[in-house]
2 protein chains.
Amino acid sequence: MKHIEGGICAAKGFKASGIHCGIRKGRTKRDLALIVSETRAAAAGVFTQNLVKGAPVVLSIQNLKDGHASAVICNSGNANTCNANGMEIARGMCDLVEKYLQIDHEDVIVASTGVIGQEMSLGPMVYGMQELVDALSDTPQASKDAAEAIMTTDTKLKEIAVEFELDGKTCRMGAISKGSGMIHPNMATMLCFMTCDAAISPALLQKALSENVVDTYNMVSVDRDTSTNDTLTIMCNGLAGNAEIIDEQSDDYAEFKRALFECTSYLARATAADGEGATKLIECTVTGAKDKATAKVLAKSVICSPLVKAMIFGRDANCGRVMCALGYAGVPFDVKDTSVTLRSEVGSVLVCHSGNGLAFDEDRALMVLDADEIYIDISVGNGEGTATAWGCDLTYDYVKINGDYRT
Amino acid sequence: MKHIEGGICAAKGFKASGIHCGIRKGRTKRDLALIVSETRAAAAGVFTQNLVKGAPVVLSIQNLKDGHASAVICNSGNANTCNANGMEIARGMCDLVEKYLQIDHEDVIVASTGVIGQEMSLGPMVYGMQELVDALSDTPQASKDAAEAIMTTDTKLKEIAVEFELDGKTCRMGAISKGSGMIHPNMATMLCFMTCDAAISPALLQKALSENVVDTYNMVSVDRDTSTNDTLTIMCNGLAGNAEIIDEQSDDYAEFKRALFECTSYLARATAADGEGATKLIECTVTGAKDKATAKVLAKSVICSPLVKAMIFGRDANCGRVMCALGYAGVPFDVKDTSVTLRSEVGSVLVCHSGNGLAFDEDRALMVLDADEIYIDISVGNGEGTATAWGCDLTYDYVKINGDYRT
């Protein structure tokens, strides 16, 4: 598995673009993105489980029912959720793609991110569509333009591409992603659009994607707020020339899943690190649990705890916060077998052993917690269950960003 | 029901005291509290559901099994949780009460609050016990001293007392309470000690208390972190002279429950308002839900959302945050029937109707959200289910307090 340049334009037959069309007044950031496959692609998606769903989510689920798609259109600056005319606008975006690119509107994936419940109009997108289509390109820069166009409070552009081999053919897979606040994906993610030139059946593609998010995006939390617009989609157009993957037991399917994991786990981690206001990534690994499901719940409880998040921000090696978060997670484990180590590139400190807090060198702990990436290693016994979750610290800037998000 | 002075010393036959014995070095705040009933009292308690329990919680549950108690001893400054010698210290505290007051150690309720997982010794309490016992008094000031001695990051002393009538006799009930951070009670509360001079059977007392917390303390959240030490206990010594309440259907039992609700709902609300770093109380009421259980989940999801909490701090009338929190609560409701109103003593603003955001006067919204107590009124349809939950805003000071809690 090789990491390569090019993001969503790395795979054969995919073009992208991102422009500023003026959805959010007074800002010149790109706010409209387009991704197009040269041929109709096998496609799959996973979406938010929030009961309040953005209209684009509802329409994309519908459009993906036949397992195929040819394009993605996405705006930022206004989320098209809780709008009386939401479905009209979502459908209007697909119609624009049909009009300009002769792609059936039912083969378009549509998404939207930004402020919820704010009045919205199709106007800026109608106005910008020609420019968006003219800008379509398969260059690495085009992937970056599209990635920028879907960003909201993100501070870092998130993209990845990998190269792998299937059936003797070189295949490429790429993704762009956004997400910084309102991040607590549930069976899906914020926004992540993936492209791939491998051939795979729509059914296996959906299966691979659905299984993947459980261990990647669903293990990330910035603030426990599951968004109304979480969307992760992938289009596989088969232009790499490999024989279509149709066997779940095949080596090719396994290799395809590895490529998928490489991309989504990288972006999931990047999403946590770029959490709103975050100064530190928190990676919590639980080992020794009864089973994997138990380990997952424990790891996620720790990275979700506001008190753990604040203590990491303050570089305060407070083992009680970690023990407390484990204890209320709601799954069984043996407190008396629990140990907690705080670790970074600088070194590590054992702060809890056999369920009891330990005295430790405070200066050393401060040094360990000074790093940008903090690992919380927890052992809860001798079981087989292991899991990792990613989060970030809780900072003054998170409060600042969200105390006045709309203005 | 009349509110009166005196806190836990208002009821007949109860004395209290609170002193500084030096558990937390370098601070002179009172850190050891004692409450004593003149006679052995019917007693009940509800405790944290956190799997990691403080040793005092484990011992108090054991000591309350026979439905009776005569005293409460509680320290602040160090939580006696995740300590190798935790049970020894908890038992030691009960033994001190036995030694100085000739009360069986099994009739003592013990509690502890402060930093978790820090080494702890009985020393300061052994040293201070004579002074604590000498200070016992039934004056209103003694209740305040005890209330201060159980405080940690609280900024306000929390106590209440009410007078009511049972069986032609005047009865009094009082309580002191603490809790500011790590507040998300689950079937119990942080620390709340209640006294009452009514006569009631231990079985009915426990039933009344267990049912009560579901609608009061369990509807409060500061930070979704369920503490390891949540404890709510009540002692009823019967000195008011009423006939013992033994009938669940009796008017007296109903009146007793009203007194209980008056005290706990008042303190639960005060706990939310005094959340760590909080500048505003948030009271969220959901009406029109399918049933009460659904309404409770929805109301609690809203007051728990970090994004809702930050928006209230920033006086930002962002209806999308509220809709999002309702949507991921995990219970069914009809989005299309949902309306949201933000309200305070100044006035109100309808921000969402029929599930869609509305345009509103931003200046007016800013004025409404400028108040200290913010009401979020949500209607989700025509059902019978109604519930209220209490929380507070998320502020820079919450991050500050918890970024460096131990030092």
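State whether one or more residues within region A:111-125 are buried (at least 21 other Cβ atoms within 10 Å of the Cβ) and out of contact with any helix residue (DSSP H, G or I) (no Cβ under 8 Å at 6 or more places or on another chain).
The answer is yes, given that some residue of region A:111-125 is buried (at least 21 other Cβ atoms within 10 Å of the Cβ) and out of contact with any helix residue (DSSP H, G or I) (no Cβ under 8 Å at 6 or more places or on another chain).
Kindly list the number of the only condition in (1) without any contact (Cβ under 8 Å) to a residue 60 or more places away in the chain; (2) touching a helix residue (DSSP H, G or I) at 6+ places or on another chain (Cβ under 7 Å) that fails for B:Thr341.
(2)
Kindly indicate whether B:Asp363 is acidic (Asp, Glu) and closer than 24 Å to B:Ser265 by Cβ.
Criteria not met by B:Asp363.
Quick check on my filter: what residues within region B:22-32 are modelled with pLDDT of 90 or more and part of a loop (DSSP other than H, G, I, E, B)?
Residues of region B:22-32 that are modelled with pLDDT of 90 or more, as a first pass: B:22-23, B:29-32.
Those that are modelled with pLDDT of 90 or more and part of a loop (DSSP other than H, G, I, E, B): B:Gly22, B:Ile23, B:Lys29, B:Arg30, B:Asp31.
Only one of B:Lys65, B:Lys53 is within 11 Å of chain A (Cβ to nearest Cβ) and over 17 Å from the mean Cα position of the chain (by Cα). Can you tell me which? Walk me through it before giving the result.
Numbers: B:Lys65 fails: within 11 Å of chain A (Cβ to nearest Cβ).
Exactly one of B:Lys65, B:Lys53 is within 11 Å of chain A (Cβ to nearest Cβ) and over 17 Å from the mean Cα position of the chain (by Cα), namely B:Lys53.
If we keep just the residues of region A:72-110 that are under 18 Å from A:Arg40 (Cβ atoms) and within 19 Å of the chain's Cα centre (by Cα), which is surrounded by the most Cβ atoms within 10 Å (Cβ to Cβ)?
In this case the residue turns out to be A:Val72.
Check off (1) touching a strand residue (DSSP E or B) at 6+ places or on another chain (Cβ under 9 Å); (2) under 30 Å from B:Ala317 (Cα atoms) for A:Lys156 and give me the number that stays unchecked.
Unmet condition: (1).
As an exercise: evaluate B:Gln49 against (1) surrounded by fewer than 24 Cβ atoms within 10 Å (Cβ to Cβ); (2) within 20 Å of B:Leu205 (Cβ to Cβ) and give the number of the one condition it does not meet.
Every condition holds for B:Gln49 apart from (2).
Tell me, which residue of region B:111-121 that is within 27 Å of B:Ala42 (Cα to Cα) and within 14 Å of chain A (Cβ to nearest Cβ) is modelled with the highest pLDDT?
Per the stated criteria, the residue is B:Ser112.
When you go through A:Gly385, A:Gly381 one by one, which is the residue that is at positive phi and in contact (Cβ under 8 Å) with a residue 40 or more places away in the chain?
Numbers: A:Gly385 fails: at positive phi.
When all the criteria are applied, what remains is A:Gly381.
Mind checking which residues of region A:363-393 are within 13 Å of another protein chain (Cβ to nearest Cβ) and among the charged types (D, E, K, R)?
If the condition is that a residue be within 13 Å of another protein chain (Cβ to nearest Cβ) and among the charged types (D, E, K, R), then A:Asp363, A:Asp393 are the ones that fit.
Suppose we filter A:Ile61, A:Ile35, A:Ile8, A:Ile89 for residues that are part of a helix (DSSP H, G or I) and closer than 19 Å to A:Ile176 by Cβ; which single one remains? Explain how you work it out, then say what you get.
Values: A:Ile61 fails: closer than 19 Å to A:Ile176 by Cβ; A:Ile35 fails: part of a helix (DSSP H, G or I); A:Ile89 fails: closer than 19 Å to A:Ile176 by Cβ.
That would be A:Ile8, the only listed residue that is part of a helix (DSSP H, G or I) and closer than 19 Å to A:Ile176 by Cβ.
Under the condition of being surrounded by fewer than 24 Cβ atoms within 10 Å (Cβ to Cβ), of a type outside the set (Lys, Arg) and farther than 20 Å from A:Gln118 by Cβ, which residue from region B:330-343 is farthest from the other protein chains (Cβ to nearest Cβ)?
The initial filter retains those residues of region B:330-343 that are surrounded by fewer than 24 Cβ atoms within 10 Å (Cβ to Cβ), namely B:330-332, B:334-337, B:339, B:341, B:343.
Okay, now just the ones that are also of a type outside the set (Lys, Arg), so B:330-332, B:334-335, B:337, B:339, B:341.
Of the ones still in play, those that are also farther than 20 Å from A:Gln118 by Cβ are B:330-332, B:334, B:337.
Numbers: B:Gly330: 8, B:Val331: 8, B:Pro332: 7, B:Asp334: 9, B:Asp337: 12 Å.
Checked region B:330-343; the qualifying residue farthest from the other protein chains (Cβ to nearest Cβ) is B:Asp337.
Got a sec? Which strands (runs of 3 or more DSSP E) wholly within region B:141-231 have at least 1 residues that are of a type in the set (Phe, Trp, Tyr) and modelled with pLDDT of 85 or more?
In region B:141-231, the matching strands (runs of 3 or more DSSP E) lie at B:158-166, B:191-196.
Scan region B:214-268 for residues that are touching a helix residue (DSSP H, G or I) at 6+ places or on another chain (Cβ under 7 Å), crowded, with 17+ Cβ neighbours inside 10 Å and of a type in the set (Asp, Glu) and jot them down.
B:Asp223, B:Asp225
Just to check your reading of the model, which residue among B:Val322, B:Val297 is more than 8 Å from chain A (Cβ to nearest Cβ), surrounded by fewer than 24 Cβ atoms within 10 Å (Cβ to Cβ) and without any contact (Cβ under 8 Å) to a residue 60 or more places away in the chain?
Only one candidate passes the filter, namely B:Val297.
Which condition from (1) out of contact with any strand residue (DSSP E or B) (no Cβ under 8 Å at 6 or more places or on another chain); (2) at positive phi is the one that B:Thr139 breaks?
All conditions pass for B:Thr139, except number (2).
Would you confirm, using the coordinates I've provided, whether B:Cys352 is closer than 17 Å to A:Cys82 by Cβ and either crowded, with 16+ Cβ neighbours inside 10 Å or assigned by TED's automatic domain parsing to the domain that holds B:Val115 (or both)?
Here the answer is yes, as B:Cys352 does meet what is asked.
Whether any residue in region A:224-232 is of a type outside the set (A, V, I, L, M), farther than 30 Å from B:Ile303 by Cβ and over 12 Å from the mean Cα position of the chain (by Cα) is what I want to check.
There is no residue in region A:224-232 that is of a type outside the set (A, V, I, L, M), farther than 30 Å from B:Ile303 by Cβ and over 12 Å from the mean Cα position of the chain (by Cα).
Name, by its number, the condition in (1) more than 22 Å from A:Val399 (Cβ to Cβ); (2) within 11 Å of another protein chain (Cβ to nearest Cβ); (3) within 31 Å of the chain's Cα centre (by Cα) that does not hold for B:Arg315.
(1)
Please indicate, with yes or no, whether at least one residue in region B:39-48 is within 14 Å of chain A (Cβ to nearest Cβ) and outside any loop (DSSP other than H, G, I, E, B).
Yes; the residues of region B:39-48 include at least one that is within 14 Å of chain A (Cβ to nearest Cβ) and outside any loop (DSSP other than H, G, I, E, B).
Take the residues of region A:344-362 that are within 7 Å of chain B (Cβ to nearest Cβ) and without any contact (Cβ under 8 Å) to a residue 24 or more places away in the chain: which is nearest to the chain's Cα centre (by Cα)?
A:Asn356
Scanning for something more than 14 Å from chain A (Cβ to nearest Cβ) and touching a Lys or Arg at 6+ places or on another chain (Cβ under 6 Å), does region B:245-266 turn up at least one residue?
no
Please find, among A:Glu148, A:Glu159, A:Glu106, the residue that is without any contact (Cβ under 8 Å) to a residue 60 or more places away in the chain and acidic (Asp, Glu). Spell out how you get there, then give the answer.
Numbers: A:Glu148 fails: without any contact (Cβ under 8 Å) to a residue 60 or more places away in the chain; A:Glu159 fails: without any contact (Cβ under 8 Å) to a residue 60 or more places away in the chain.
After ruling out the rest, the residue left standing is A:Glu106.
Could you run through region A:277-317 and say how many residues are charged (D, E, K, R) and under 25 Å from A:Leu366 (Cβ atoms)?
5
The values are calculated or read from the model by the stated rules, or taken from the named source; none is laboratory data. The model shown is predicted, which means the values in this text are computed figures rather than measured ones. Cβ: placed from backbone, ideal geometry, glycine included. Neighbour counts: every protein chain shown.
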